[in-house]
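See structure below.
The values are calculated or read from the model by the stated rules, or taken from the named source; none is laboratory data. What you are looking at is a predicted structure, and each value in this text was computed from that prediction instead of being measured. Cβ atoms come from the backbone with ideal geometry, glycine included; neighbour counts cover every protein chain shown. We work out accessible area using only protein heavy atoms, side chains counted, and drop any ligands, DNA or RNA first. Shrake-Rupley method; radii C 1.70, N 1.55, O 1.52, S 1.80 Å.
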Amino acid sequence: MNRRNFLKVAGTASTQALFAARLHAAEKSGEPSGPGILLRPQAEEPQKPVAANDHIQIALIGAGGQGQYDTRVAASVPGVKVVAAADCYDGRLTHSKELWGQDIQTTRDYREILARKDVDAVVIGTPDHWHRQASIDAMHAGKDVYCEKPMIHLYSDGPAMIEASKSTGRILQIGSQRVSNILYIKAKELLASGAIGKLNMVSAFWDRNSSIGAWNYTVPPDASPETCDWPRFLGTAPKIPFNGEHFFQWRKWKAYGSGVAGDLFVHLFSGTHFITGVDGPTRAMATGGLRFWKDGRDVPDVLLGLFDYPEGFNLSLRVNFVDGGSEGEGFLFAGSEGTMEIAGNALIINRVPREKEPGLMIGSLADAMQKQIREAYRQKYPLVEPTEPTRVGNDRYVVPRDYSDSYDHFKNFFAAVRSRQPVVEDAVFGYRAAGAALLSNLSNEQGKIVRWDPVAMKLT
Ligand SMILES: NC(=O)c1ccc[n+]([C@@H]2O[C@H](COP(=O)([O-])OP(=O)(O)OC[C@H]3O[C@@H](n4cnc5c(N)ncnc54)[C@H](O)[C@@H]3O)[C@@H](O)[C@H]2O)c1
């Protein structure tokens, strides 16, 4: 059996024990995030015991904040081992060894990692402008890829990444972890079962009120052309002299990031597309501006977007980095028979049934006319005793307090690495979410409505 076949056999003896411990912890902590029906994490497939050399060996490319977080979560999935990390800042390579052991390989050049035969999969946590190249290089080197969101930086990245995944047969999962979240899975089920009737509107927002929230991440005092591989970081971005803020706060510039649309709208699109099962919007208009964080960045800190879906609903999105109240994010799905809200770790269904009779608006008419209308109305709509209680009120579902959708997203990814079955968030899903999100930047920059074919995944 070769290494990859071994992996297909899957799992380690400790898988069930670890999962049981996790489930136990979730149950013990009890404690949902509030009153409501507690959703349980998905049960894991029973696994056959296999030897230690059947671990999926992973490497990290882009060992910054999210890459390190992802890799910690990935390594907590049974049967996964970290063997290498690549990054352009030496301090993060040092910390990678502190996290995963002095024996892991660290390098500034991810191609050294890709050349290793014993690396099965990579986690890509680079800035957006490197997602395409790093993913394609990894897939061509025979690695499966977990690439952070947004999948694309430029529209041309999408078809290239989809094609590479197809032609190499490699698994490519994108990192909008919400699509593996048990709360979102419940929301999808409820919507499909008609819990809120026919969907007509989705609103979602992400408000922040802090400097870190506005991407002013700490620049370490040793940041320099010696400790940072600046040319490699720049990649295809315009060549400018070393700039620590560009390196550590790259989201603030279009050359590396995709603004609030690529950073946050994309999560809201992934959630909307997953729950509703649709491909994407056909028309978008967005407006916004740089209102507060005028620190040299070239992207808005406030953005509003409106999107038309051919299935007959509208989506409205908001990101506000200058929200003087509390920070927060949420979704509201409005249907003909109720609403479904996602607020933090809770999913709330509200239903207030419409009156069965149309009602009268006659108070301003002459008394005789009011009487005549009322009598005719009661003949047409006789008073009836309700035969069953009117269904008013709400259902609330919650997840355990220590629930991690990132864990489930990685668990799904590694299950696909072993089984070679499709992942929940493949390149097509990732492109449809990121392609839709970036419509907002186009519309805002061009000051006009922009159009997208979500099936063909093309600007029209
Ligand atoms: N899924 C989520 O909830 C979530 C949350 C945060 C960030 N993200 C995504 O994760 C990605 C990284 O964000 P971050 O906040 O961790 O950024 P970061 O700046 O903390 O880390 C990025 C790292 O990539 C390294 N890098 C740049 N070019 C590289 C290259 N060619 N080879 C190897 N390393 C390279 C940099 O040196 C840096 O350390 C972004 O795409 C972001 O959108 C996702």
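Quick look at the numbers
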quantity: Segment 236-250, residues that are open to solvent by less than 20 Å² (accessible area, probe 1.4 Å) and part of a helix (DSSP H, G or I); calculated: 244, 247, 248
quantity: Near pairs, Cβ below 6 angstrom, 6+ apart or cross-chain, from segment 220-233 (in contact (Cβ under 8 Å) with a residue 24 or more places away in the chain and within 14 Å of residue 110 (Cα to Cα)) to any residue that is open to solvent by 20 Å² or more (accessible area, probe 1.4 Å) and among the hydrophobic types (A, V, I, L, M, F, W, C); calculated: 229/88; 232/88; 233/88
quantity: Selection status of residue 388, modelled with pLDDT under 95 and more than 28 Å from the chain's Cα centre (by Cα); calculated: yes
quantity: Residue among 402, 426, 408 that alone is within 19 Å of the chain's Cα centre (by Cα) and at pLDDT below 95; calculated: 402
quantity: Options 103, 54, 90, 70: the member that is under 25 Å from the mean Cα position of the chain (by Cα), modelled with pLDDT of 60 or more and of a type in the set (D, E, K, R); calculated: 70
quantity: Positions within segment 422-454 being buried (at least 20 other Cβ atoms within 10 Å of the Cβ) and among the basic types (Lys, Arg), in sequence order; calculated: 432
quantity: Residue count, segment 152-192 (criterion: under 16 Å from the mean Cα position of the chain (by Cα) and hydroxyl-bearing (Ser, Thr, Tyr)); calculated: 3
quantity: Exclusive hit being farther than 20 Å from residue 231 by Cβ, of a type in the set (A, V, I, L, M) and open to solvent by 20 Å² or more (accessible area, probe 1.4 Å), set 141, 164; calculated: 141
quantity: Residues of segment 162-208 that turn out to be touching a Gly at 6+ places or on another chain (Cβ under 9 Å) and within 16 Å of the ligand (Cβ to nearest atom), as a count; calculated: 12
quantity: Residue match in segment 405-421 (condition: among the basic types (Lys, Arg), over 23 Å from residue 207 (Cα atoms) and open to solvent by 40 Å² or more (accessible area, probe 1.4 Å)); calculated: yes
quantity: Options 269, 321: the member that is out of contact with any Asp or Glu (no Cβ under 8 Å at 6 or more places or on another chain) and open to solvent by less than 10 Å² (accessible area, probe 1.4 Å); calculated: 269
quantity: Selected residue (only one of 308, 279 is of a type in the set (D, E, K, R), out of contact with any Leu (no Cβ under 6 Å at 6 or more places or on another chain) and surrounded by fewer than 18 Cβ atoms within 10 Å (Cβ to Cβ)); calculated: 308
quantity: Scan of segment 57-103 for residues that are open to solvent by 10 Å² or more (accessible area, probe 1.4 Å), more than 11 Å from the ligand (Cβ to nearest atom) and part of a helix (DSSP H, G or I), ordered by number; calculated: 72, 75, 94, 97, 98, 99, 100
quantity: Number of positions in segment 201-235 that are under 22 Å from the mean Cα position of the chain (by Cα) and either open to solvent by less than 20 Å² (accessible area, probe 1.4 Å) or farther than 24 Å from residue 294 by Cα (or both); calculated: 8
quantity: Checking residue 394 against (1) farther than 30 Å from residue 304 by Cβ; (2) open to solvent by 50 Å² or more (accessible area, probe 1.4 Å); (3) touching a residue at least 24 places away in the same chain (Cβ under 8 Å), the condition it does not meet; calculated: (1)
